[in-house]
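To start, the structure under review is shown below, and the notes come after it.
Every read-out reported here was derived from the displayed coordinates using simple, explicitly stated rules and does not represent laboratory data. All of these numbers come straight from a predicted model, not from anything done at the bench. Positions of Cβ are generated from backbone atoms using ideal geometry, with glycine treated the same way; all protein chains shown enter the neighbour counts.
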Amino acid sequence: MNNPFTNPPIKPDTQDGHYDHAELGLANRNSGTLLETLALDITPSGAHYLLTHFDTPILDPNIHRLQFEGAFANPFEMNMNQIRSLPQITIPVTLECAGNGRAGLSPRRYSMPWGVEAVGTSEWIGTPLAPLIAQASPKSDVVEISFTGADYGYDDGVGHYFGRSLTLDQLGTLDVILAYGMNGQPLLPQHGAPLRIVVPGWYGMASVKWLDRIGALTQPYDGYQQIRTYRFKESAEDEGRPVTHIRVKSLMVPPGVPDWLSRVRCVEAGDVHIQGRAWSGLGRTITKVEFAANGTWQEAKLKERKGKFAWTGWEHTWSAEPGKYVLQCRATDETGAIQPINPPWDLSGFGNNAVQSVRVFVKA
Ligand SMILES: Nc1nc2c(c(=O)[nH]1)N[C@H]1C(S)=C(S)[C@@H](COP(=O)(O)O)O[C@H]1N2
Ligand SMILES: [Mo]
């Protein structure tokens with residue numbers, strides 16, 4: 001008998017037009033944030049976007065263990081009480097899914113059909129990872145550290161636990177958090193309870209949920225989620241370049257009130273308060289946000305961000321006259337990187353940081 005998990009039918013690389021059942025199913029399991037919560041510094045936990053490849057493991061925090069394994073000189077394991085007794089930190093971090101904006105590309109990848117909503121900011125509670133790696137003491141020939149979750153499933157015929165790696169160099173510059181809480185509460189099951197990592201400044205795939213193993217590797221990690229996906233590719237033949245830090249981006253809270261189905265906005269004429277958020281990877285500062293109604297760009301006012309890895313609020317007063325408009329916003333970061341008007345091409349729809357467009361109708 002043919003096993004369809006290990007020998008799956010070929011899925012189309014790209015496709016346009018109607019969304020099919022599989023995409024709708026993924027969209028129902030993996031929710032985006034509510035754009036109106038962009039008014040807040042911290043996304044309410046229940047409105048944080050969600051991206052889970054397989055099933056959510058239901059893990060008992062009383063028996064959960066974190067194992068340090070592989071080429072460590074001093075491998076050990078810890079239970080949740082031991083982890084919670086380590087020095088505690090709370091850090092606001094903006095997470096964004098690398099596939100955010102995928103639906104804006106044509107032809108689009110057959111995958112989770114994100115609009116613009118796969119982003120959110122939480123105050124992650126946990127302990128710095130670096131001292132624990134140092135305690136486990138990677139042997140001298142270690143090149144990478146792997147992070148493996150308890151969730152197992154199949155993608156493209158390959159069965160695997162969700163896992164990722166970081167090189168020792170990357171770990172030296174990234175402030176990775178071993179997190180067990182979110183916004184003053186224990187982690188919710190869907191966000192990785194009881195334990196995950198949060199890799200500030202990188203797209204979300206690096207922040208492995210349901211973490212139960214940390215491995216020291218003497219060869220580069222070859223797990224599916226590192227090698228087979230999360231690579232920028234021009235075409236199917238392209239071997240690709242790894243997806244890493246978040247690209248500069250911004251969003252606005254759509255003003256006015258929506259039409260239920262089309263989400264087109266109805267706005268009263270006069271001064272309209274526009275607000276939103278802007279962010280970039282690796283803790284880079286946002287230096288400018290611009291707002292445009294029908295293509296005329298004006299500089300918006302920036303607010304103070306809550307932390308190095310948290311998004312920056314911005315606001316603008318728009319004098320709205322009756323008519324139909326497309327509203328847009330675009331951010332620039334300290335390196336001079338600016339959001340493109342059109343989506344940058346990627347086969348899998350990764351890293352789409354093109355400007356958001358919001359259609360509004362201003363009443364006479
Ligand atoms: N174990 C595990 N970790 C995971 C994932 C997963 O499917 N399994 N998804 C990753 C991806 S692609 C993203 S964008 C973030 C999403 O985190 P969130 O669901 O808490 O927002 O988790 C990452 N960590
Ligand atoms: Mo993601």
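Taken along the Cα-to-beta-carbon direction at a fixed 7 Å, the label points for Gln298 and Asp60 span 6.1 nm.
Ranked by Cβ crowding within 10 angstrom, fewest neighbours first, how are Glu123, Glu299 ordered? Show your work: numbers first, answer last.
On the way: Glu123 20, Glu299 11.
With the sparsest Cβ surroundings first, the list reads Glu299, Glu123.
Take the Cα radius of gyration of the chain and divide it by 2.2 N^0.38 Å, N being the number of residues; the result is 1.03. With the Kirkwood sum run over all distinct C-alpha pairs, region 153-307 has a hydrodynamic radius of 19.3 Å. Each semi-axis of the equivalent ellipsoid for region 7-71 is √(5λ) with λ an eigenvalue of the Cα gyration tensor; in descending order they amount to 29, 25, 12 Å. Using only side-chain charges placed at the Cβ, +1 for Lys and Arg and -1 for Asp and Glu, the dipole size of the chain relative to its Cα centre rounds to 500 debye. State the percent of C-alpha pairs, over all pairs in region 249-363, separated by a distance greater than 16 angstrom. Within region 249-363, distances greater than 16 Å cover 60 percent of Cα pairs. Between Asn74 and Arg228, the distance separating the two model label sites (each 7 Å from Cα on the Cα→Cβ line) works out to 3.7 nm.
State the antiparallel share, in %, of DSSP beta bridges confined to region 249-363, rounding to the nearest 5. Could you put the intermediate results ahead of the total?
Numbers: 36 of 39 bridges.
Taking every DSSP beta bridge within region 249-363, about 90 percent pair in antiparallel fashion.
Of the residues Ala216, Thr94, Gly184, the one whose Cα sits farthest toward the positive end of the charge dipole of region 93-244, with +1 on the Cβ of Lys and Arg and -1 on the Cβ of Asp and Glu, is Gly184.
In plain terms, the C-alpha convex hull of region 142-214 casts an average shadow of 5.5 nm² when viewed from every direction.
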